[in-house]
1. Collect the residues in the range 74-128 that are acidic (Asp, Glu) and over 13 Å from Ile51 (Cα atoms), keeping them in residue-number order.
2. What single numbered condition from (1) more than 21 Å from Arg103 (Cα to Cα); (2) without any contact (Cβ under 8 Å) to a residue 60 or more places away in the chain fails to hold for Trp46?
3. Taking Leu125, is it open to solvent by 50 Å² or more (accessible area, probe 1.4 Å) and either over 12 Å from Asp42 (Cβ atoms) or assigned to a strand (DSSP E or B) (or both)?
4. List the number of the failed condition for Met58; all other conditions in (1) under 18 Å from Gly126 (Cβ atoms); (2) surrounded by fewer than 12 Cβ atoms within 10 Å (Cβ to Cβ) hold.
5. Please enumerate the residues belonging to the range 92-122 that are acidic (Asp, Glu) and farther than 15 Å from His45 by Cβ.
6. Does Thr101 satisfy the criteria of being polar (S, T, N, Q), within 15 Å of Ala127 (Cβ to Cβ) and open to solvent by less than 30 Å² (accessible area, probe 1.4 Å)?
7. If Thr87 meets every condition in (1) modelled with pLDDT of 80 or more; (2) open to solvent by 90 Å² or more (accessible area, probe 1.4 Å) apart from one, which number is that one?
Amino acid sequence: MQSVCAATALCLALCGCASASGGAVAVSASGRPAPVTFLEIDNRHWSTVTIYAVREGMRRRLGTAVTARTTTLRVPEHLLDGLGLLTLQAVPEGGGRGGLTERVRVAAGQRVTWTIQARLEQSSLGAW
């Protein structure tokens, strides 16, 4: 009976540690912990935008960023190519030309910030 209580207490402690980390660690395909990369978007555009990661000419939808708000999205590890290069695209709802970033080098676990301006070509992107 004591071993069941001890096992339960251990499970609860581990769950508490996992939730306290904010989910900042994922498990890689090899079973080892892999740091999670987050994209923080400050949307100053006049419209809500859909955010895509672009890799080898193919787009993968990451989520949406509502106008006049800051949104945080998770970047899946497999979207960072072997060199850690990432290209992002913002497409306004209701039409209009989308904006495409230059390729930026991102290491797993870094935080990427993207300030999207009313004129998409004036947006800025950084990673640290």
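The values are calculated or read from the model by the stated rules, or taken from the named source; none is laboratory data. What you see is a predicted model; the values in this text were computed from it and never measured. Reconstructed Cβ throughout: ideal geometry from the backbone, glycine too, with neighbour counts over all protein chains shown. Areas reflect the complete protein model, heavy atoms only, side chains present, ligands, DNA and RNA absent. Shrake-Rupley method; radii C 1.70, N 1.55, O 1.52, S 1.80 Å.
1. Result: Glu77, Asp81, Glu102, Glu121.
2. Answer for Trp46: the failing condition is (2).
3. yes
4. So Met58 meets the others, but not (1).
5. Listed by number, the list holds a single entry, Glu102.
6. Against the criterion (polar (S, T, N, Q), within 15 Å of Ala127 (Cβ to Cβ) and open to solvent by less than 30 Å² (accessible area, probe 1.4 Å)), Thr101 qualifies.
7. So Thr87 meets the others, but not (2).
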